[in-house]
Amino acid sequence: MSPFDPAPFVERRQRFAAAIGDGLAIIPGAREIQRNGDVNYEFRQASDFFFLTGFDEPDAVAVFNPADAKERFVLFVRPRDREMEIWNGRRAGVEGAIATYGADAAYTIDRLDAKLREYMVDRPAIFYRLGSGGFDGRVTRLVGDLRAARARGYAAPVRIEDPGPILNELRLRRSPAELMRHRRACEISRDAHIEAMRYARPGLYEYQVQAALEHVFRVSGSPRNGYPSIVASGANACILHYSENNRKMEDGDLLLIDAGCEWGYHSADITRTFPVNGRFTVAQRAVYEIVLRAQLAGIAAARPGHRYEAVHEAARRVLTEGLVALGALPRGVDESLAMHHYREFYMHGTGHWLGMDVHDVGDYRIDRKSRVLEPGMVLTVEPGLYFDPERETATFHLREYNEDESWERRLRLGAGAARKIEEEEKAKAEKITHAVPRELRGIGIRIEDDVLITDSGCDVLTAGTPKTVDEVERACAEPSRLPRL
């Protein structure tokens, strides 16, 4: 990584300050989390905090006070401590927070409460995201104390607002500097997936292929994964967020790998499914080709001016057509779409926003409608089909499903109550039981790429990762650069 460049963070802070006006924003950083005993998990800074500051140490808090002429951006950090730095690494301290990270002022973290009280006076709104654990009490207690003084004529904040909607929109559209980092994460992840295809063989364990994949991440300059790697062979590929990665792979298995590295605090997210022995069976290839066609249809729909849901609509239609052709659904394409019968084998959406977090921030619907895609947005396109190996039959409810009505119900009643009503409606509906074709059972396939919306269409950031049947089988036949025991 190159030396710290403050310019992108200055620009982000300016946009954030303009959005909060004369309010005061409090953005906590991440804290170290205990793993076991006296060992902590690897530290990773909170994304919103890093987005605005670039500061990469634990136990820090950023305060933004645009109305203050002298202390608009303030960092509260751990103090320099020679003994602790010998044991655990160097700290920037107050001096570094100003000199390196561009804070107008900096204080040790123990002074936070006193300074917050000072900053809150005369501020009409406090921008702070509730839900930050023990920190919530500190903020609400200070606001409560100041509000009690309003009766005596002192100014105090009248509301606490979530800064999330502002930060989410700032993070949703990538700058050229952010895209450079994102592209590098995608390039490294592409190379890692290719190496995994070369390395995998019957008789290896899933975690051995994971090691080969993540070896490429590290030697290519990525300090960490964007998320825990999913390396799922055989029927494990039917578990969407499989995590054990400990099965011994067998001849005839498919291997689904959902993995991406992080580079410059931007994450890639690629999924590929390939045969461990290098050759698809007839049934595997039939399902794979359906998922691939669905993915290409979804990518074609990812264009500026199209709605986000258009990507899912395009992919699910192709998947449904394929499921009908395979004999997995009891009705035709249009009926199966209207009744959501495809969800028996495709139970997730076709993608999500991607950026600093693998499931990145940003609203998918605005004014209760799917939002319009704009240049600079990055999303994944990842259809799949999953056939539980133990499921001989599937039960289909003969009732049409209204997506908008479902969302309205969740909003009014909450997810749990809405789900209960839907289950009751299903129980009352006419049902039909249909056999799951034997040759499909145990097959799980997902194909995922990262897509940037451009002015004229889209750019597949993960292009070059083998995807067609011929490309995948060719990559599997290439020699690995890594040794096998």
Being small (Gly, Ala, Ser), closer than 14 Å to Thr468 by Cα and outside any loop (DSSP other than H, G, I, E, B) is the filter here; which residues of the stretch 276-296 pass it? Ala286, Ala294
Selection over the stretch 347-356 where residues are in a loop (DSSP other than H, G, I, E, B) and in contact with a helix residue (DSSP H, G or I) (Cβ under 9 Å, 6 or more places away or on another chain) yields a count of 6
Leu337 vs. criteria without any contact (Cβ under 8 Å) to a residue 12 or more places away in the chain, part of a helix (DSSP H, G or I) and hydrophobic (A, V, I, L, M, F, W, C): no
Only one of His397, His341 is touching a strand residue (DSSP E or B) at 6+ places or on another chain (Cβ under 7 Å), at pLDDT 95 or above and more than 16 Å from Gly444 (Cα to Cα). Can you tell me which? His341
Consider Asp5 against the criteria (1) closer than 20 Å to Arg173 by Cβ; (2) within 24 Å of the chain's Cα centre (by Cα); (3) modelled with pLDDT under 95: it satisfies all of them except one. Which criterion is unmet? (2)
Taking interchain pairs and intrachain pairs at least six residues apart, which have beta carbon atoms under 7 angstrom, with the first residue in the stretch 9-20 and more than 14 Å from Ser175 (Cβ to Cβ) and the second surrounded by 17 or more Cβ atoms within 10 Å (Cβ to Cβ) and among the charged types (D, E, K, R)? Ala17/Arg72
Within the stretch 362-371, take every residue that is touching a helix residue (DSSP H, G or I) at 6+ places or on another chain (Cβ under 8 Å) and not polar (S, T, N, Q) and give me the one that is surrounded by the most Cβ atoms within 10 Å (Cβ to Cβ). Gly362
Residues satisfying the stated conditions in the stretch 245-286, i.e. within 30 Å of Val361 (Cα to Cα), among the small types (Gly, Ala, Ser) and in contact with a strand residue (DSSP E or B) (Cβ under 9 Å, 6 or more places away or on another chain): Ala259, Gly260, Ser267, Ala268
Leading residue by the ranking (nearest to Gly305 (Cα to Cα)) among those in the stretch 359-380 that are part of a loop (DSSP other than H, G, I, E, B) and hydrophobic (A, V, I, L, M, F, W, C): Leu373
Among the residues in the stretch 140-150, are any surrounded by fewer than 20 Cβ atoms within 10 Å (Cβ to Cβ), part of a strand (DSSP E or B) and at pLDDT below 95? no
On the given criteria, is Asp162 in the same structural domain as Phe127 (by the TED database), modelled with pLDDT of 95 or more and more than 18 Å from the chain's Cα centre (by Cα)? yes
Positions within the stretch 11-44 being assigned to a loop (DSSP other than H, G, I, E, B) and closer than 15 Å to Ile109 by Cβ, in sequence order: Gly29, Ala30, Arg31, Glu32
Residue under evaluation His359, criteria (1) without any contact (Cβ under 8 Å) to a residue 40 or more places away in the chain; (2) touching a helix residue (DSSP H, G or I) at 6+ places or on another chain (Cβ under 8 Å), criterion not met: (2)
When you look at Glu178, is it charged (D, E, K, R) and either touching a Cys at 6+ places or on another chain (Cβ under 7 Å) or closer than 19 Å to His352 by Cα (or both), yes or no? yes
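Take the conditions in contact with a Pro (Cβ under 8 Å, 6 or more places away or on another chain) and either among the hydrophobic types (A, V, I, L, M, F, W, C) or assigned by the TED database to the domain that holds Met377 (or both) and apply them to Cys476. Does it pass?
yes
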Return a yes/no flag: does the stretch 156-164 have any residue that is free of Cβ contacts under 8 Å to residues at least 24 places away in the same chain and of a type outside the set (Val, Ile, Thr). no
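If you take the residues of the stretch 301-330 that are hydrophobic (A, V, I, L, M, F, W, C) and assigned to a loop (DSSP other than H, G, I, E, B), which of them is surrounded by the most Cβ atoms within 10 Å (Cβ to Cβ)?
Per the stated criteria, the residue is Ala302.
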Whichever residue in the stretch 21-50 is touching a residue at least 60 places away in the same chain (Cβ under 8 Å) and under 17 Å from Arg224 (Cβ atoms) and, among such residues, is nearest to the chain's Cα centre (by Cα): Ser47
Checking the structure you have, find out if any residue of the stretch 32-52 is modelled with pLDDT of 95 or more, among the charged types (D, E, K, R), within 26 Å of Pro8 (Cα to Cα) and touching a Lys or Arg at 6+ places or on another chain (Cβ under 6 Å). no
For the stretch 110-118, check the following and say yes or no: at least one residue is assigned to a helix (DSSP H, G or I), in contact with a helix residue (DSSP H, G or I) (Cβ under 8 Å, 6 or more places away or on another chain), at pLDDT 90 or above and not assigned by the TED database to the domain that holds Arg44. no
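The values are calculated or read from the model by the stated rules, or taken from the named source; none is laboratory data. Keep in mind the model is a prediction, meaning the values are calculated, not measured. With ideal geometry, Cβ positions are generated from the backbone for all residues, glycine too; neighbour counts draw on all protein chains shown.
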